[in-house]
């Protein structure tokens, strides 16, 4: 199904749920979400319960007057809308909610962080004509979007987009070299390499989430083929050793130790920067020369008192005036930026966790829709306000001090985005490539969509 069709189908589903005749559906959906949330987590039971509910509801759609005369595509879109709504509501309850899954995520991420330091395409027997860094980076970018979404389908789309980039690369390369069309033997090694280099956070939990809660009737065909390959890639990476990388055992062990030392060294550098920052921020304070009474009476005659270093003490408002003569070395914006950059370098996920709240960072101009403009403007205003406030707090001059008071004191996402509020948590963070997920809904709060909470609003 085309992305635009899914978008329109979801919008149509939400609109139908606002009608009075949909009250039975609204009650059933609300009741299921509440009862499911109150049960103790159990992966097998939870998956079966959700799949059974989707099957039952989609059967009811077909027999209901709301979808009388609808085509198969419209009914399919209604099922997609239901899945997106329900799983967005249940996301925090079911995603990475088991200790074993979280541990597996950490182990897999740590292993990829080590291997990506020394792995080369040749280690996976990737032919030279299939090696294309530009395409690989694009595939990694699509893969890294996966944690921006909550709905199983949207996460799956990120995986499929990654796979299609790789598939197109291999097909074009084989055509250029007059070779037979590439198969799984050519595709899987490139996919493994891309995943290791991307090291997407919580990969294991994302794959389990799609397996458990994506409608089984929809995980077929091309989607099933690519998803199976990704599962195989995860298994390969989890069990990777010297033989898997066409490498001598001693060389593999040496490379792993070197990678650990490198990452450990980055950690030590960050700790040293942190200690230096603490020193700069007040552990040591420089005191100005203080005149003694005899010096004052002799009008400067006599030896000057030498500057001295004193241990900083907590300052109070009452003592502020007395401390005016004390000059405290404050880290500049540049120092703070360098410190933050060092911390991001040490992050095994490449800092992607820190950028999770900024989905547009990974977007291209073609990914944006008209409805994204207002949110981008709001984020820009918030960013400028934080930057200027930080600069003022450090007593530094900002490069751009021409912002008007109206801009600095605006209230983003208040009145101007009121139309988003009813379905904000269903449609948030959905900027997958080429897919305009954002829905405008102007309901008055009396339907299923009217009881959306504020937990995912900005």
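The values are calculated or read from the model by the stated rules, or taken from the named source; none is laboratory data. These figures come from a predicted structure and were not determined experimentally. Here the Cβ is made from the backbone with ideal geometry for all residues, glycine too, and neighbour counts use every protein chain on show.
Checked across region 170-193, the condition of being in contact with a helix residue (DSSP H, G or I) (Cβ under 8 Å, 6 or more places away or on another chain), under 22 Å from residue 252 (Cβ atoms), modelled with pLDDT under 95 and surrounded by fewer than 18 Cβ atoms within 10 Å (Cβ to Cβ) holds for no residue. For region 236-248, a residue qualifies if it is under 14 Å from residue 119 (Cα atoms) and surrounded by fewer than 14 Cβ atoms within 10 Å (Cβ to Cβ), and the qualifying residues are 241, 243, 246, 248.
In region 153-161 there is at least one residue matching the filter, namely being part of a helix (DSSP H, G or I), over 18 Å from residue 233 (Cβ atoms) and under 21 Å from the mean Cα position of the chain (by Cα).
Total residues in region 212-221 satisfying the condition of being surrounded by fewer than 20 Cβ atoms within 10 Å (Cβ to Cβ) and modelled with pLDDT of 95 or more: the figure is 1. Please state which one of 209, 225 is within 24 Å of residue 76 (Cβ to Cβ) and buried (at least 20 other Cβ atoms within 10 Å of the Cβ). Unique residue meeting the criteria: 209. Only one entry in 34, 50 is touching a helix residue (DSSP H, G or I) at 6+ places or on another chain (Cβ under 6 Å), part of a helix (DSSP H, G or I) and modelled with pLDDT of 95 or more, namely 50. Taking region 78-93 as the range and being more than 24 Å from the chain's Cα centre (by Cα) and more than 15 Å from residue 25 (Cβ to Cβ) as the test, no residue passes.
Among residues of region 110-124 that are within 13 Å of residue 246 (Cα to Cα), those with a beta-carbon under 6 Å from a residue that is assigned to a loop (DSSP other than H, G, I, E, B) at least six positions away or on a different chain give the pairs 121/131; 123/246.
Conditions tested, residue by residue: (1) modelled with pLDDT under 95; (2) more than 26 Å from residue 20 (Cβ to Cβ).
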{"position": "62", "(1), (2)": "yes, no"}
{"position": "65", "(1), (2)": "yes, no"}
{"position": "69", "(1), (2)": "yes, no"}
{"position": "81", "(1), (2)": "yes, no"}
{"position": "96", "(1), (2)": "yes, yes"}
{"position": "100", "(1), (2)": "yes, yes"}
{"position": "105", "(1), (2)": "no, yes"}
